[in-house]
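The structure appears below as structure tokens.
The values are calculated or read from the model by the stated rules, or taken from the named source; none is laboratory data. Here the structure is a predicted model, which means the values were calculated and not measured. Here the Cβ positions follow ideal geometry from the backbone for every residue, glycine too, while neighbour counts run over all protein chains shown.
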Amino acid sequence: MIVAIDGPAASGKSSVAKEVARRLNFTYIDSGAMFRALTFWALDQALDKEEELLPLLESLTIKSLDGGIELNGRELYHELRIKKVDESVSYYSAMASVREKLKEVQRQEAKEANVIMDGRDIGSCVFPEAEVKIFLTASVEERAKRRFLQRSNKMSYEEILEDIRRRDAYDTTREIAPLVMARDALLLDTSSLSLEETIDKVEEIIKNVS
Ligand code: CDP
Ligand code: CDP
């Protein structure tokens, strides 16, 4: 079974997906981490334009790790969440060749029996055939507050709010696979739900289908 959880930044996708996967013994795959790893790699090599990335994408190897990504044999963890990556990830994610490459990796990694994958276009584009599709959201202020508490010290609440607003706008308006709720997805607004309540709801939705 494939469960797709999509939604805007800091809506709770990964925390919820991870815990539900643990409870139900599913494999959790964080597609956002793949986009972040590719962004870190592109910035590290000063690759700016799609034409510069294109010839290198085919041989690029990407593998999910627990809490990180292995890219061309290098393990990336905290590097995925640095400010520079936050700032550029939506730029690289809008490139057709990048999305194509990562879609291939995502579909390959989901060949196991039961998978929960979170992202922006998992239900709408990567796995239109997913048995369960959930669109998780919350007000932008609530999401910025959550991310601020999660990351503590590094960025101010205002900086985080601005980053989330900018990425939301970029992700929803890009031409290819924009952030959009799949027609057959269930909308779950978690603005007034605790993490525990959200996890319980998602677990219940999946159990009702399986
Ligand atoms: O955790 P947060 O929601 O802040 O971000 P993420 O899920 O790690 O995703 C980082 C960025 O990757 C997003 O802002 C999107 O630009 C991109 N992304 C995407 O385009 N498609 C996906 N399936 C997942 C992430
Ligand atoms: O993956 P995504 O960017 O959508 O969000 P996340 O990193 O899983 O969640 C951001 C923060 O919000 C985490 O610290 C969660 O524990 C928290 N959260 C919450 O406080 N209440 C919820 N209902 C859902 C998430």
Study note, to complete from the structure: Only one of Glu196, Glu203 is surrounded by 12 or more Cβ atoms within 10 Å (Cβ to Cβ), under 14 Å from Arg23 (Cβ atoms) and modelled with pLDDT of 95 or more, namely Glu203
Check your understanding: Given (1) surrounded by 17 or more Cβ atoms within 10 Å (Cβ to Cβ); (2) over 18 Å from Gly123 (Cα atoms); (3) of a type in the set (S, T, N, Q), where does Gln45 come up short, assuming only one miss?
Key -> (1)
**Study point:** Residues located in the stretch 163-203, provided they are touching an Asp or Glu at 6+ places or on another chain (Cβ under 6 Å) and either without any contact (Cβ under 8 Å) to a residue 40 or more places away in the chain or among the hydroxyl-bearing types (Ser, Thr, Tyr) (or both)
**Key:** Ser191
Study note, to complete from the structure: Of (1) more than 16 Å from Ile199 (Cα to Cα); (2) in contact with a strand residue (DSSP E or B) (Cβ under 8 Å, 6 or more places away or on another chain), Ile5 fails just (1)
Point to revise | Count of the stretch 171-210 residues which are in a helix (DSSP H, G or I) and within 15 Å of ligand 2 (Cβ to nearest atom) | key: 13
Review point. Among the residues of the stretch 92-132, which ones are in a helix (DSSP H, G or I), polar (S, T, N, Q) and surrounded by fewer than 21 Cβ atoms within 10 Å (Cβ to Cβ)?
Key: Ser97, Gln108
Review point. Is it the case that Leu136 is modelled with pLDDT of 95 or more, within 14 Å of Arg36 (Cβ to Cβ), buried (at least 19 other Cβ atoms within 10 Å of the Cβ) and not acidic (Asp, Glu)?
Key: no
